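Presented below is the structure to which this report refers.
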Amino acid sequence: MSHKYLICLCFLLPSAVFGQVYRPDQTVAVMKDQQLLDFPWAGGINSGQFSTMDVDQDGQEDLIVFERTSGKINVFINENGQYRYATEYNDRFPEGLRNWMLLRDFNGDGRKDIFASDPLGIRVYVNISDGTGLKWRLYHDRGAQSPLLTIGFSQNPLNLQMNASDIPSIADIDGDGDLDILNFRFSGTSSVEYHKNLSMERTGAIDSMQFERQTQRWGSFEQCLCEDIAFNNEDCPPISGRVKHQGGKALLTMDLDNDGDHEAILGEEGCTGLYLLNNSGDADDAVMTSVNLNFPNSTNPAVLFTFPAAYLEDVDFDGVKDLLVAPNVPANISNGVNFESSVWYYKNIATDENPDFQLVQRNFLQDQMLDFGENAVPAFFDYDDDGDPDMFVGSFLDISSGFHSTIKQYTNTGTSEAPSFELTDENFMQLSLGNFINLKPAFADIDNNGTQDLVFSATSLNSGGTSIFYMLNQSNSRLELQTDVRFLFTLGPSLSGENFRLTDINMDGNLDILIGRGTGKVEYYRSRGTLEAPDFVLEDDTFYGFDASVFTTNTSIDIADIDGDGNMDMITGDDNGSLNYYSDFLSHLDDPREAQPLLIQHTDEQEPFVMNLGTKLVPRVADIYSEDKPAIVVGTAQGGLTVLRNTGAVVRPVDLESVRIYPNPAISRDRVTVFSPTTLNAFVVSLNGQVVVDGLVLRGETENRLSIKGLANGMYLLVTNSGDGEFRSYRFIVDR
């Protein structure tokens, strides 16, 4: 029987495309500085807003973090006084929350409700959980659709309007048991409006919200410029003849001296510190008379790069409320915010009545997760040739090395089926010396010699331009890079969210470039040069129909066989918070297929759904479980990583009676392992029936290493011959 005849029979096997469902996997261990991280795959925190509530309904308060930069909710469950990142609860909150979210119990039923930003003011969701899980309904005041209204100075209800970048104080200001609202004025001068809840006065109960504006100058002050406060109802001096329009404001009030009235803690966009205003009045008539510039204490005042906001919650489970401070910014302003260390935790070592806040750490929660600041981008390669992929992560900035980027290396210390990672190099190849920021790594065979090289895009601090660079691999089996960094292609003159993927689109044997732009476009550049003289020509500026769109900004692409059918699929991420894939996309370049969402399912009983994973998502397919359908590790703008494991995947069985090839697909590999129960002769054939590797001898009961460095991407058959004329074939996929 001829080799070619064997191939024809095997490749006629039908294949089917199924929707892909994934489960976030928090079980992959990560060690840093000899310590296991508690929740390494939580996805990072940049501009966290903090509240507590009983999420799992066990009678204990849990911690909820609303991420302003993405609208993502992160839930940390209180389990015996320790936090567990519980991604299965992240989707139990209403969709579409933006700008800010606070949890407060307005009706005294013991279940905290959601107060959130609305384009028309403040939106409220009532907690109607019944013991079977979190449930919400939108609050409607007097039958109107806008959830919170105030009578103001007329009898016609008006929206309680506030700036989207502000955070109000929602607390019992007058001590009558119901929740009042303080917020900076929507426009005009930077004074505070006091909206008194008249529920108790009118009904004797706190089961409703009946707000009436009492004053537009609560506390008799006006904030002028940061710590510059005008007291005694005086106006701020005009700037250039005009009243200064306020920026974003964050307001927290609490009774710091146990005298029955609230002091005010102010944070402002463009200002670095928190400013404490002391109240010399009472609960009914607040009068601010002085400002403390060293809050919460003079030893360690809360001084961030810009726009600090304060939150009062018991985060160490001792029954006393602590203070958390984090920047309330939608993005990194002037690249000056240290998003690796942006959550400051001040423990209250005294009482709620007379608090004493002392700084414990500046990276609360972040120290227990993989948090690289912002724009984390992972890549995988078997660095040490031990049969399992290691992890390399780039990011926008690495504050620890100065105003530069680098790559951090995490060695896979687990097995091919049970991964675990340990930080082994914080400055891989000393790339921090390259004067780069915005570094995004990948692995590809640049010189077409069958080995994987390091490729990365980065923005030069010297020129300001963003380009693709590479470092050649000198080893046939592991990663031994030449030290010189070589130029490949210019992505753009400045930062605009570029993401690249090297792949052979036209199947001519050369690596082309796909570029996802900040606008959402995907551009296809065809290679027509050489390694010594690289040359790429723009072939399609809206590849696969990806044009500029406000709905799919910062597009990122990976290419791999994620559904196990032997065809290459395209996986995309962007700012929408979810991933999409396009099955067998190379066969449909002229008639692009519609996107299919990658769905999430936490339990087998749950209906799969689209989950918000963050913004600027960068998916990277990684065969970290040695399964027939590989995992996807997602980098986020929030500086973290999330592991998604295919729920339909199965571990490639260990069959001691037959030949086994692993990893399969061989993603970013130069070798595969072939286990054979007996000694066999073998050869490898390609999709078109051509013998590409001949004369193999597989030793029995041995893990044989097979080099695939000379094979292009695609499906192959390993054909064995027992010597008595019996041929058997085994499919495997090469994907580099």
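The values are calculated or read from the model by the stated rules, or taken from the named source; none is laboratory data. Not measured: the values here are computed from a predicted model. With ideal geometry, Cβ positions are generated from the backbone for all residues, glycine too; neighbour counts draw on all protein chains shown. All accessible areas refer to the heavy atoms of the entire protein, side chains included, with ligands and DNA or RNA removed. Shrake-Rupley method; radii C 1.70, N 1.55, O 1.52, S 1.80 Å.
Per-structure values
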quantity	calculated
For the stretch 421-529, the spread of Cα positions along each principal axis, largest first, Å	36, 35, 28
Lys/Arg +1, Asp/Glu -1 at C-beta; the chain dipole; positive extreme among GLN690, SER658, TYR383	GLN690
Phi to ³J(HN,Hα) by Karplus 6.51 cos²θ - 1.76 cosθ + 1.60 over the stretch 533-538, Hz, x for Gly, Pro	9, x, 8, 10, 10, 5
Cα centroid of the stretch 302-371 to Cα centroid of the stretch 535-575, whole Å	38
Inter-part distance where the stretch 411-443 and the stretch 390-407 are each reduced to a Cα centre, Å	9
Net lengthening on full extension, SER298/ARG699 (0.36 nm per residue, minus Cα-Cα)	137.2 nm
Per principal axis, descending, Cα span of the stretch 553-692 in whole Å	52, 38, 29
Magnitude of the charge dipole, the stretch 574-626, Cβ model with Lys/Arg +1 and Asp/Glu -1, debye to 20	260
Point-to-point label distance, ILE399-LEU461, nm (Cα→Cβ direction, 7 Å offset)	1.6
Within the stretch 179-308, percent of DSSP bridges classed antiparallel, to nearest 5	95
Full-stretch length increase - ASP228, LEU538 - with 0.36 nm per residue and alpha-carbon distance subtracted	106.1 nm
Two-decimal log10 I(q)/I(0) for the stretch 462-526, as the Debye equation yields it once each C-alpha is a single scatterer, q = 0.20, 0.21, 0.29 Å⁻¹	-0.93, -0.98, -1.18
Between the stretch 580-628 and the stretch 451-502, the alpha-carbon center distance in angstrom	26
List ASP105, ASP512, ASP604, ordered by accessible area with a 1.4 Å probe, largest first	ASP604, ASP105, ASP512
THR415 versus ALA548: modelled label distance in nm, points set 7 Å from Cα along the beta carbon direction	5.3
Space enclosed by the convex hull of the alpha-carbon atoms of the chain, per residue, Å³	179
Radius 11 Å from Cβ of ASP54, net charge of other residues (Lys, Arg +1; Asp, Glu -1)	-3
Surface per residue (accessible, 1.4 Å probe) for the stretch 470-623, Å²	41
Separation of the ASN476 and ASP590 label points, Cα + 7 Å toward Cβ, nm	4.2
Expected 222 nm ellipticity per residue - DSSP helices of 4 or more, -39500 (n - 2.57), all of the chain, to 500	-500 deg cm²/dmol
For the stretch 56-127, size of Cβ-based charge dipole, Lys and Arg +1, Asp and Glu -1, in debye	340
Antiparallel DSSP beta bridges within the stretch 265-369, as percent of all bridges there, nearest 5	95
Cα coordinate range in the stretch 592-673, projected on the principal axes (Å, largest first)	45, 33, 31
Student exercise, the stretch 411-499 dipole from Lys, Arg, Asp, Glu Cβ charges, in Debye to nearest 20	240
Exceeding the 20 Å Cα-Cα cut-off - candidates LYS72/LYS135; LYS32/LYS408; LYS112/LYS249; LYS249/LYS347; LYS408/LYS440	LYS112/LYS249; LYS249/LYS347
Cα gyration tensor shape for the stretch 183-304, rounded if a/c is under 1.5, else prolate or oblate	oblate
